[in-house]
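Below: one structure, written as structure tokens.
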Amino acid sequence: MAAFTKQKLSGSTNGRAILVVASATLGTTIHTDGASATGFDEVYLWAWNSSATEELLTIEWGAATDPNDIMEVTIPSQDGWVNIVPGFIIDGGLVVTAFSATGNVVTIQGFVNRIE
């Protein structure tokens, strides 16, 4: 039977939100998969935009090849947390990164369910 363990994002310090500093590829590290040979991480992410204007956020899902590994989401200005990843899975030690058109205005919060 599979075991589920809720984990903080590996890019987070003590479970705090991650500031998206990068404004181009390769983005700010959000999470690195646990790299288990038999398991994977189910990732849930929300974003907040502190800017006075909407912001285009790019999520790089394990690589930066468009369109295979790229997700783009427009984050409204100061409008609360927006769900951007609703439980997609990642494995193989891949890294989820993010960048926004303007660095230092979007923060990302979330968690992973590590499934082994």
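The values are calculated or read from the model by the stated rules, or taken from the named source; none is laboratory data. Just so you know, these numbers come straight off a predicted model, no measurement behind them. Because the Cβ atoms are built from the backbone with ideal geometry, glycine has one as well, and the counts that use them run over all protein chains shown.
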**Item:** Candidates Thr38, Thr13, Thr5 - the one that is in a strand (DSSP E or B), hydroxyl-bearing (Ser, Thr, Tyr) and more than 13 Å from Val96 (Cα to Cα)
**Value:** Thr5
**Asked** Does Glu116 satisfy the criteria of being surrounded by fewer than 19 Cβ atoms within 10 Å (Cβ to Cβ), among the acidic types (Asp, Glu) and touching a residue at least 60 places away in the same chain (Cβ under 8 Å)?
**Response** yes
**Message:** Here are the criteria: (1) over 18 Å from Gly11 (Cβ atoms); (2) touching a Ser or Thr at 6+ places or on another chain (Cβ under 8 Å). Tell me which single one Thr58 does not satisfy.
**Reply:** (1)
**Message:** Is it the case, given these coordinates, that Gly34 is in contact with a strand residue (DSSP E or B) (Cβ under 6 Å, 6 or more places away or on another chain) and at positive phi?
**Reply:** no
**Complete:** Going through (1) surrounded by fewer than 18 Cβ atoms within 10 Å (Cβ to Cβ); (2) among the hydroxyl-bearing types (Ser, Thr, Tyr); (3) under 10 Å from the mean Cα position of the chain (by Cα) one by one, Thr28 fails only at (1)
**Complete:** Within the range 1-16, residues surrounded by 10 or more Cβ atoms within 10 Å (Cβ to Cβ) and over 17 Å from Ser36 (Cα atoms) come out as Gly11, Ser12, Gly15, Arg16
**Prompt:** Counting only residues that are modelled with pLDDT under 95 and of a type in the set (A, V, I, L, M), which one in the range 96-116 is farthest from the chain's Cα centre (by Cα)?
**Reply:** Ile115
**Fill in**
Conditions (1) surrounded by 14 or more Cβ atoms within 10 Å (Cβ to Cβ); (2) out of contact with any strand residue (DSSP E or B) (no Cβ under 9 Å at 6 or more places or on another chain) -> Ala101 fails only (2)
**Request:** Would you check which residues across the range 70-112 are touching a Phe, Trp or Tyr at 6+ places or on another chain (Cβ under 6 Å), assigned to a loop (DSSP other than H, G, I, E, B) and either free of Cβ contacts under 8 Å to residues at least 40 places away in the same chain or of a type in the set (A, V, I, L, M, F, W, C) (or both) and list them?
**Result:** Trp81
